[in-house]
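Can you read through this structure? Questions will come right after.
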Amino acid sequence: MAHLCVVGSHAVNGVARIHSEIVKNTVFKDFYEVEPEKFQNKTNGITPRRWLLLCNPGLADLIAERIGDDFLTDLFQLRKLLDFIDEDSFICDIANVKQENKQKFAAYLEKEYEVKINPESIFDIHVKRIHEYKRQLLNVLHIITFYNRIKKDPSKHFVPRTVIIGGKAAPGYHMAKMIIKLITAVGQVINNDPVVGDRLKVIYLENYRVSLAEKVIPAADLSEQISTAGTEASGTGNMKFMLNGALTIGTMDGANVEMAEEAGEENLFIFGMRVEDVDAMDQIGYNAREYYERLPELRQVIDQIQTGYFSPKEHELFKDVVNMLMNHDRFKVFADYEAYITCQDRVNELYKNPKEWTRTVIRNIAGSGKFSSDRTISEYARDIWGVEPSDVKIPPPNEPPVESHK
């Protein structure tokens, strides 16, 4: 079907620059060599009207106070926020809006999930489809590693963290369902361990959907975008989090690459293999056991999952998950584990410095202008559809059309 589409179309595009390059260099290499003029890139975007103005009015008002409200139809204007990067009152206002959103979401979670969470903790959010390539499992390995560190040294100071994972699994996708089961089982143990207290909480968001996204995204401190390099076409959740003042921990995959360019790579928590590293590993073969043998913390985590530490009533519940990770993991979770844990330690260090954290947040918001769907649709219109974009407002269907009088 894909071959037929390429032959029958006058234009073919990927939805982020790295994706478009993969389309040209590997997926449709033969077609690209025959008709290179067909191939384009159109990096995805999101609408700032829904994903800022509607879901985060406090932040939208704060931005409008400083730079006016033209940014809602020209998101590149957010660059002007860099003029206030050293202004203490603006830094304080941005931090206060985030804290208000966190307090509100903490109250929602307490009501819906009966889990009391620490609103001063890092709100670490991973919401998207449940899929092996999106590597919710890598996140779980970090959660358990953090838990083990607290248990090993309970008197030590740890930066508190609330990890919130949400998403749906396809009905027939057994491994995705087991991943959800593992997350909830790990949360059950950690959330009820008195040694841990409020230093670590794990919540699985049920029935993740747009209306829930509108609540969780404005409250996020950390956005997890940790797919194996070369597997995520673009992502748009990453853009929503960036626009709402969350910092990204992620691989150089999908639109993360362009986000790092726009905000400065030093203002994201980038870790792990790049596409060329994954390709090189494919040439020599990926050996999960090598990492298991070499990294004591990883070995401890896998042994706990395998022996039923998180499933005391059913010791072999997660044997399929462990078997996949050890023997059939196409997405190389263990290969990025060490770099991911080290990067999470960097997150903790920056969070200890609230002013510098918030300045980094401002740089991210200011760099998110490229990721407006207005820009994306304008590029589609001009470069593919052959029409000139228009900003004429079309009345909603419940309003009668305005009659023209000649």
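Looking at GLU388, GLU403, which one is open to solvent by 80 Å² or more (accessible area, probe 1.4 Å) and modelled with pLDDT of 85 or more?
GLU388
Take the conditions assigned by the TED database to the domain that holds PHE310, of a type outside the set (Val, Ile, Thr), under 15 Å from the mean Cα position of the chain (by Cα) and closer than 21 Å to LYS98 by Cα and apply them to SER227. Does it pass?
Judged against the criteria, SER227 is not a match.
Moving on. Could you please find all residues in region 168-189 being open to solvent by less than 20 Å² (accessible area, probe 1.4 Å) and out of contact with any Leu (no Cβ under 8 Å at 6 or more places or on another chain)?
Those that are open to solvent by less than 20 Å² (accessible area, probe 1.4 Å) and out of contact with any Leu (no Cβ under 8 Å at 6 or more places or on another chain): ALA176, ILE183, VAL186, GLY187.
What's the number of the condition GLY237 fails, among (1) in contact (Cβ under 8 Å) with a residue 40 or more places away in the chain; (2) touching a helix residue (DSSP H, G or I) at 6+ places or on another chain (Cβ under 7 Å)?
Going through (1) in contact (Cβ under 8 Å) with a residue 40 or more places away in the chain; (2) touching a helix residue (DSSP H, G or I) at 6+ places or on another chain (Cβ under 7 Å) one by one, GLY237 breaks only (2).
Any residue in region 86-111 that is without any contact (Cβ under 8 Å) to a residue 60 or more places away in the chain and among the charged types (D, E, K, R) sitting within a Cβ distance under 9 Å of a residue that is outside any helix (DSSP H, G or I) and open to solvent by 20 Å² or more (accessible area, probe 1.4 Å)? List the pairs, counting only those 6 or more apart or interchain.
Pairs that qualify, where the first residue is without any contact (Cβ under 8 Å) to a residue 60 or more places away in the chain and among the charged types (D, E, K, R) and the partner is outside any helix (DSSP H, G or I) and open to solvent by 20 Å² or more (accessible area, probe 1.4 Å), are GLU110/LYS116.
Among the residues of region 273-327, write down those that are among the hydroxyl-bearing types (Ser, Thr, Tyr) and assigned to a helix (DSSP H, G or I).
Correct list: TYR291, TYR292, THR307.
Where residues in region 325-364 are more than 20 Å from the chain's Cα centre (by Cα) and within 26 Å of VAL275 (Cα to Cα), which of them is surrounded by the most Cβ atoms within 10 Å (Cβ to Cβ)?
Here the answer is LEU325.
Could you please give the count of residues in region 1-44 that are open to solvent by 70 Å² or more (accessible area, probe 1.4 Å) and either assigned by the TED database to the domain that holds ASP253 or closer than 20 Å to SER378 by Cα (or both)?
Adding up the residues that qualify gives 3.
Could you list all residues from region 68-96 that are assigned to a helix (DSSP H, G or I), open to solvent by less than 90 Å² (accessible area, probe 1.4 Å), over 25 Å from SER373 (Cα atoms) and touching a helix residue (DSSP H, G or I) at 6+ places or on another chain (Cβ under 9 Å)?
PHE84, PHE90, ILE91, CYS92, ASP93, ALA95, ASN96, listed by residue number.
Additional query: Quick check: is even one residue across region 338-353 farther than 30 Å from PHE90 by Cα, assigned to a loop (DSSP other than H, G, I, E, B) and without any contact (Cβ under 8 Å) to a residue 60 or more places away in the chain?
No: region 338-353 contains no residue that is farther than 30 Å from PHE90 by Cα, assigned to a loop (DSSP other than H, G, I, E, B) and without any contact (Cβ under 8 Å) to a residue 60 or more places away in the chain.
The values are calculated or read from the model by the stated rules, or taken from the named source; none is laboratory data. Computed from a predicted model, the values in this text were never measured in an experiment. In this analysis, Cβ positions are derived from the backbone assuming ideal geometry, glycine residues included, and neighbour counts consider all displayed protein chains. Just the protein is used for accessible areas: all its heavy atoms, side chains included, with ligands, DNA and RNA removed. Shrake-Rupley method; radii C 1.70, N 1.55, O 1.52, S 1.80 Å.
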